[in-house]
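All remarks here apply to the structure that follows.
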Amino acid sequence: MTIAMPKPDQEVLARRAAIVDALRAIVPGEGVVDATREMRVFETDALTAYRQLPLVVVLPQTVDQVAAILHYCHAQGIKVVPRGSGTSLSGGALPLEDGVLLVMSRFNRILDIDFDNRCAVVQPGVTNLGITRAVEHAGFYYAPDPSSQIACSIGGNVAENSGGVHCLKYGLTANNVLGIELVTIEGEVLRLGGKHLDSEGYDLLGLVTGSEGLLGVVTEVTVRILQAPETARALLIGFPTSEEAGAAVAAVIARGIIPGGMEMMDRPAIHAAEAFVHAGYPLDVEALLIVELDGPAEEVDHLLAAVEEIARANGASSTRISTSAEERARFWAGRKAAFPAVGRISPDYLCMDGTIPRKALPYVLNGMKALSERYGLRVANVFHAGDGNLHPLILYDAAHEDELQRAEDFGADILRLCVEVGGVLTGEHGVGIEKRDLMPEMFDEDDLRHQQRVKCAFDAQHLLNPGKVFPVLHRCAELGRMHVHRGQVPFPDLPRF
Ligand SMILES: Cc1cc2nc3c(=O)[nH]c(=O)nc-3n(C[C@H](O)[C@H](O)[C@H](O)COP(=O)(O)OP(=O)(O)OC[C@H]3O[C@@H](n4cnc5c(N)ncnc54)[C@H](O)[C@@H]3O)c2cc1C
């Protein structure tokens, strides 16, 4: 969907020229892009249904430049949209017509690898996979592994609190980031956390992780690195129904086994991925689980046998264990390529992202089936089954009138279904513009106002990434003081001695 731009008048053009000049004074050389043709590559992120040319693009290279840009924009009341690699699926990095697009991709250096403290200090434009590549020679890796890891930046991962197939056991980005450097909209440089495990004061690091570019611009990230497990093996398990696969997932967790990864795909996703990657998936099943066990070899063998037995008891029709590192990588390659694979069987798709309690899976799957029929659109499903994070891929063709609208309405109903069963609107892709108008499905006006008060503490003029996350923006002065009511947060009586 292209948002139409009105013809700019002379005053607007003069203001834009002044902004471009000011940015060029801060970032000399090729760091400012203002030609329409060259800005086209930045007009969308991975939510490609939405496109918008920014006012101007700036690609700083130093923290001082970022601070100076933000200080200038704050003083002039200019909006700023931070961007990493532009792989957001929720439109978080969609530019604004009257905003500067601040692209962090030139911050691409690994600053320090500290094996003694098991951490690495990196610039935010370093790709997720780039961190593992930098430490794997010593047997280390960075655990959160979004399927986009070859391209997405660690700054974007922090902003979205990204996850991946191995986050069930090793945690999301929030659990693997130890410190960040953040520049506020006023140009102030803050350091939150560091190499140590805990930091003094409020957990501002936790607050900023997942804040979708609304609270500040991340200019440095300290991440935890882990020693690679002695052994890792993956198990493919085919099921005649998704319900049985869902029951097996619940039974594995109930047994106290936390696999390194536990992913589910339905028939359309299995077929699309197999045709694309030739991972060796069974094609005569309705649902496929990929379960990875890692640790000492003996423990892995024991757990593989236990998971296989649980799967058989829950109706599994086939099992296959990887016998080499290459085969294990191939099993995962199919899952990790599921989104582009689905792109081969449909001109367009919307990737949804919601989270539900695991036990609600059969109910939600049936609900999605009914919605698919009602909207007349196919859906392929991939899930982070272990943690209940769903990624229904709604297939549509934007060339057909109203299909995008139908796909969006279908997606909104899926997310409503997630909330109805006690789940949440997001898993790992953020709210962005995609789910912004659904926020009231989950939060009442009071909740949303409280969340905006936090935003106001960092950015009282709403200059950082406005139009994302919040369906309505209130002036900070109108929000008043934050009150915590007795009814909302229980104040326990103090213990008496
Ligand atoms: C094929 C495919 C597969 C994917 N698989 C996964 C997956 O498995 N798990 C998952 O979690 N996500 C996945 N994603 C979504 C996406 O890759 C992640 O959200 C990722 O973290 C975005 O990083 P980015 O560098 O591309 O950020 P961008 O898209 O550029 O920006 C995302 C958000 O972060 C903000 N931002 C970016 N950099 C900074 C910064 N330095 N400071 C402050 N704010 C910043 C932006 O304003 C925006 O709100 C997938 C996407 C695709 C296309």
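Please tell me if Gly156 is surrounded by 24 or more Cβ atoms within 10 Å (Cβ to Cβ) and within 30 Å of Met264 (Cα to Cα).
In short, yes.
Looking for something under 21 Å from the mean Cα position of the chain (by Cα) and either closer than 21 Å to Val431 by Cβ or open to solvent by 50 Å² or more (accessible area, probe 1.4 Å) (or both) - is there at least one such residue anywhere in the stretch 71-81? Lay out the reasoning, then the answer.
Step one: filter the stretch 71-81 for residues under 21 Å from the mean Cα position of the chain (by Cα), giving 80-81.
Next, only the ones that are either closer than 21 Å to Val431 by Cβ or open to solvent by 50 Å² or more (accessible area, probe 1.4 Å) (or both) stay: 80-81.
Scanning the stretch 71-81 turns up at least one residue that is under 21 Å from the mean Cα position of the chain (by Cα) and either closer than 21 Å to Val431 by Cβ or open to solvent by 50 Å² or more (accessible area, probe 1.4 Å) (or both).
Out of the residues in the stretch 54-68 that are among the hydrophobic types (A, V, I, L, M, F, W, C) and crowded, with 19+ Cβ neighbours inside 10 Å, which is farthest from the chain's Cα centre (by Cα)?
Looking at residues that are among the hydrophobic types (A, V, I, L, M, F, W, C) and crowded, with 19+ Cβ neighbours inside 10 Å, I get Ala68.
Answer with yes or no whether Leu236 is out of contact with any helix residue (DSSP H, G or I) (no Cβ under 9 Å at 6 or more places or on another chain) and outside the structural domain of Thr127 (by TED's automatic domain parsing).
no
Which condition number does Ala254 fail, the rest of (1) closer than 19 Å to His384 by Cα; (2) open to solvent by 10 Å² or more (accessible area, probe 1.4 Å); (3) touching a Leu at 6+ places or on another chain (Cβ under 7 Å) being met?
For Ala254, the exception is condition (3).
Take the stretch 380-428 and flag every residue that is open to solvent by 50 Å² or more (accessible area, probe 1.4 Å), within 15 Å of the ligand (Cβ to nearest atom) and outside any helix (DSSP H, G or I).
Answer for the stretch 380-428, where residues must be open to solvent by 50 Å² or more (accessible area, probe 1.4 Å), within 15 Å of the ligand (Cβ to nearest atom) and outside any helix (DSSP H, G or I): just Val424.
Which residue is nearest to the ligand (Cβ to nearest atom), if the candidates are limited to the stretch 173-198 and must be open to solvent by 40 Å² or more (accessible area, probe 1.4 Å) and not in a strand (DSSP E or B)?
The selected residue is Ala174.
Check Tyr202, Tyr170 and return the single one that is under 30 Å from Gln461 (Cα atoms), of a type in the set (Phe, Trp, Tyr), surrounded by fewer than 22 Cβ atoms within 10 Å (Cβ to Cβ) and more than 8 Å from the ligand (Cβ to nearest atom).
Going through Tyr202, Tyr170 in turn, the sole match is Tyr202.
Pick from the stretch 447-470 the residues that are away from the ligand (no atom under 16 Å from the Cβ) and assigned to a loop (DSSP other than H, G, I, E, B): which of them is farthest from Val100 (Cα to Cα)?
Among those that are away from the ligand (no atom under 16 Å from the Cβ) and assigned to a loop (DSSP other than H, G, I, E, B), it is Ala460.
Assess whether Thr87 counts as being open to solvent by 30 Å² or more (accessible area, probe 1.4 Å), in contact with a helix residue (DSSP H, G or I) (Cβ under 8 Å, 6 or more places away or on another chain), within 16 Å of the ligand (Cβ to nearest atom) and not basic (Lys, Arg). Let's see the steps before the verdict.
Details: open to solvent by 30 Å² or more (accessible area, probe 1.4 Å): yes; in contact with a helix residue (DSSP H, G or I) (Cβ under 8 Å, 6 or more places away or on another chain): yes; within 16 Å of the ligand (Cβ to nearest atom): yes; not basic (Lys, Arg): yes.
It is true that Thr87 is open to solvent by 30 Å² or more (accessible area, probe 1.4 Å), in contact with a helix residue (DSSP H, G or I) (Cβ under 8 Å, 6 or more places away or on another chain), within 16 Å of the ligand (Cβ to nearest atom) and not basic (Lys, Arg).
Any residue in the stretch 243-264 that is closer than 26 Å to Leu89 by Cβ and among the basic types (Lys, Arg)? Before the answer, list the steps.
So in the stretch 243-264, the residues closer than 26 Å to Leu89 by Cβ come out as 245-246, 249, 259-264.
Now drop any that are not among the basic types (Lys, Arg), which leaves none.
Within the stretch 243-264, none of the residues are closer than 26 Å to Leu89 by Cβ and among the basic types (Lys, Arg).
Has the stretch 113-128 got any residue that is of a type in the set (S, T, N, Q), open to solvent by 20 Å² or more (accessible area, probe 1.4 Å), over 30 Å from Cys456 (Cα atoms) and near the ligand (Cβ under 9 Å from one of its atoms)?
Filtering the stretch 113-128 for residues of a type in the set (S, T, N, Q) gives 117, 123, 127-128.
This time we only want the ones that are open to solvent by 20 Å² or more (accessible area, probe 1.4 Å), so: 117, 127.
If we keep only those that are over 30 Å from Cys456 (Cα atoms) too, we end up with 117, 127.
Now narrow it down to the ones that are near the ligand (Cβ under 9 Å from one of its atoms): 127.
Yes: one or more hits.
The values are calculated or read from the model by the stated rules, or taken from the named source; none is laboratory data. Predicted model only: the values in this text are computed from it and were never measured. When we count neighbours, we look across all protein chains shown, and the Cβ atoms used for this are built from the backbone with ideal geometry, even at glycine. Calculation scope for accessible area: heavy atoms of the full protein, side chains included, ligands and nucleic acids excluded. Shrake-Rupley method; radii C 1.70, N 1.55, O 1.52, S 1.80 Å.
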